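A short write-up of the structure that comes next.
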Amino acid sequence: MSSETTPDLTPILRSLVLERAGEWQWRAPSAPNEQRPVVFGGQLLGQLIMAATAAQPGKRVRSLHAVFARAGSAAAPVELDVAALHDGRSLGTLSVTARQGSRVLAPGLALMDIGEPDVIRHQPPMPAVPDADEVPAAELLAEEGAELRVVGNVDLRTAAVTGPPELRVWARFDTGHVDQAVHQALLSWWTDPFLIGAAMRPHEGFGQGQAHKTLSTGVLTQTVNFHEEVDASQWHLFVNDSVQAGHGRCYGTGTVFSRDGRLVASFAQESMIRWFSDDARRGASAM
């Protein structure tokens, strides 16, 4: 099935429809990016997951580590190259690379598995936050076919309000897909965008409204681990915690809980926050 035969899909779902381009190669369209004309990192994570699953059917992505090497154009499709490093009975390892032509956008490493029964089990408790039904919709942040609700109605764009280096977000997608790879890919979408804003929250005079204007920001590396099957059409709580910021970088971790309190995924991210130019630095110093 190619994206041209699925005009009813939302842009995010269309970006997850792979077209085979070779024995170990696939191609997928890019979703429009209203903020900047570049490929969104969450899209690349989802496409890497879809390509890895297509390359080793019968296994699911257990973890994915990606390095965002350079920006890509949201007006162009993404090509996905897969190399099997290991394909065992229960585990597999794949190198998955997203590119546009000769430009490598994001090399990734995926651990695959078939799932196994418990030997031991534990998890942290889900944070005590208002239920999704009690939180107003964040219309300005939502994507087509997705609902987003920010606990505490935090506005990350403003530089006038400070808070702890954290963000709790409820999210779900409108999808009838049953393919677990699609649900993993959709869940990955919302692991990408909030840790940079969480890092800025404690610092007066800084907010995501400055991104790509006076501040150059972007995700550099991302790791996503899946602990349980996920249903992205149901509400999930994304718990974003910024751990450290300094030297033009920030590092944060996150957990994803189902509405009934199951830990379904976790993630970690290293990002860039640096002055966009010397003029911007001087202007901020004069404030």
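The values are calculated or read from the model by the stated rules, or taken from the named source; none is laboratory data. The structure presented is a predicted model; accordingly, all values stated were derived computationally and were not measured. Quick reminder, even Gly has a Cβ in these numbers, built from the backbone with ideal geometry, and neighbours come from all protein chains shown. These area figures cover heavy atoms from the full protein model, side chains too; ligands, DNA and RNA do not enter into them. Shrake-Rupley method; radii C 1.70, N 1.55, O 1.52, S 1.80 Å.
Number of residues in segment 31-43 that are open to solvent by less than 40 Å² (accessible area, probe 1.4 Å) and under 24 Å from F226 (Cβ atoms) equals 5. G72 fulfils the conditions (1) open to solvent by less than 20 Å² (accessible area, probe 1.4 Å); (2) under 25 Å from V178 (Cβ atoms) except for a single criterion, (2).
Looking at G46, is it in contact with a Pro (Cβ under 8 Å, 6 or more places away or on another chain), closer than 30 Å to E116 by Cβ and either modelled with pLDDT of 95 or more or open to solvent by 40 Å² or more (accessible area, probe 1.4 Å) (or both)? So G46 does not fit the description; no. Of everything in segment 209-241, what is among the hydroxyl-bearing types (S, T, Y) and farther than 19 Å from W170 by Cβ? Give them in sequence order. Across segment 209-241, the qualifying residues are T214, S216, T217, T221, T223. Within the set V239, V219, the sole residue that is part of a strand (DSSP E or B), modelled with pLDDT of 95 or more and open to solvent by 10 Å² or more (accessible area, probe 1.4 Å) turns out to be V219. R172 meets the conditions (1) closer than 30 Å to E116 by Cβ; (2) open to solvent by 50 Å² or more (accessible area, probe 1.4 Å); (3) more than 14 Å from the chain's Cα centre (by Cα) in every case but one. The failed one is (3).
So is Q208 within 14 Å of C250 (Cα to Cα), in contact with an Asp or Glu (Cβ under 7 Å, 6 or more places away or on another chain) and of a type outside the set (V, I, T) or not? The answer is no for Q208. Across segment 146-174, what is the total count of residues that are modelled with pLDDT of 90 or more and either in a loop (DSSP other than H, G, I, E, B) or of a type in the set (F, W, Y) (or both)? Adding up the residues that qualify gives 6. Reported count of residues in segment 75-98, each being without any contact (Cβ under 8 Å) to a residue 24 or more places away in the chain and either open to solvent by less than 10 Å² (accessible area, probe 1.4 Å) or within 27 Å of E34 (Cβ to Cβ) (or both), is 1. Note on segment 52-88: residues that are polar (S, T, N, Q) and assigned to a strand (DSSP E or B) amount to 2.
Checking each residue in segment 135-190 for being in contact with a Gly (Cβ under 6 Å, 6 or more places away or on another chain) and of a type outside the set (F, W, Y) picks out L156, R157, T158, A159, D174, A185, S188.
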